[in-house]
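Shown next, in structure tokens, is the structure this report addresses.
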């Protein structure tokens, strides 16, 4: 028999993932639903939706899904009757896996076989924080994890081309956006080469996020391949949990004269002005605009890099094995 427990207030997509996993195991499912008193005591006195209302929401969902082999019982404490022999499995979230381990220790003390623990990862909302009843109650998100306010984004640059590119790209995914550019240190040389390009993008994202949902850093650098120096623009995106995702846009290589001046200490903008008389090119169409006779510009180059960095966030459930959280953000 499978056991799963919770308050299941404002039944949401995270709860449904937990329950769907329980029913997928092919055994009868017992759902321990916290009583009003127990739920309130574990929330420092905060009221919750009444037990009967929460129970009806579960029953309605089970009917919709065609689940029939289940029992809902009131849960008055952390363990209920889970120390009985009839249970074989427990389904938990990352937050409650500790309780599952405690249960197995107690079962072991009683000479009972430990439960097989099934951990269901958090389901993330549109801002890449977990969906929760608390957030729904506060009006931040709905039960599907959709934001009920604009996504707040801080871009680690005041370059209008980069800010516009971020707005255009994110507008494919979000109806409401609050995007602003801020001065953010890259921590690398003015003209990065090789790996320091990615480092600069990550540093800008970290230094830009502040209290926003996302911090975004863009850094263009030169990569030498077979004697040619390719310009590649990297993007790093960090969220409030510290998850960093990285991508880069297309690469193109510079004329030899530009590379020689850059190696001599000039920036790309300075070299382009020196050789071709194009002033302040970084805030205009970019070198790519000049080199393609304005058939492709810096904004498009930046949009490509931002989209590539956003790829793991589009289907984030496929990337759980490579999540990297920056402890400096948490």
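Coordinate-derived values only; no laboratory data. All values derive from a computational prediction rather than experimental measurement. Backbone-built Cβ (ideal geometry, glycine too); neighbour counts: all protein chains shown.
Observations
- Alpha-carbon gyration tensor eigenvalues x 5, square-rooted, for the range 2-137, Å: 23, 17, 16
- The chain: most fluctuating residue of 189, 304, 132 per GNM, C-alpha cutoff 10 Å: 189
- Most mobile listed residue (181, 227, 94) in the chain, GNM with C-alpha springs under 10 Å: 227
- DSSP assigns beta bridges within the range 2-137; of those with both partners inside it, close to 5 percent run antiparallel.
- Sorted from greatest to least, the principal axis extents spanned by the alpha carbons of the range 159-279 come out as 44, 26, 23 Å.
- Packing-based exposure ordering (other Cβ within 10 Å, fewest first) of 7, 302, 292: 292, 7, 302
- Euclidean distance of C-alpha centroids, the range 1-29 and the range 175-217, integer Å: 40 Å
- Distant alpha-carbon pairs in the chain (separation over 25 angstrom), percent: 60 percent
- Normalising the Debye intensity of the range 77-227 to I(0), with uniform scatterers on Cα atoms only, and taking log10 at q = 0.19 Å⁻¹ returns -1.08.
- Spread over its residues, the convex hull of the C-alpha atoms of the range 1-73 is 81 Å³ per residue.
- Each Cα pair under 8 Å and six or more residues apart adds its sequence gap; the mean of these over the residue count of the chain is a relative contact order of 12 percent.
- Choice from 118, 15, 248 with maximal GNM fluctuation in the chain (Cα, 10 Å cutoff): 118
- Rounded to the nearest 5, the antiparallel percentage of DSSP beta bridges internal to the chain is 45%.
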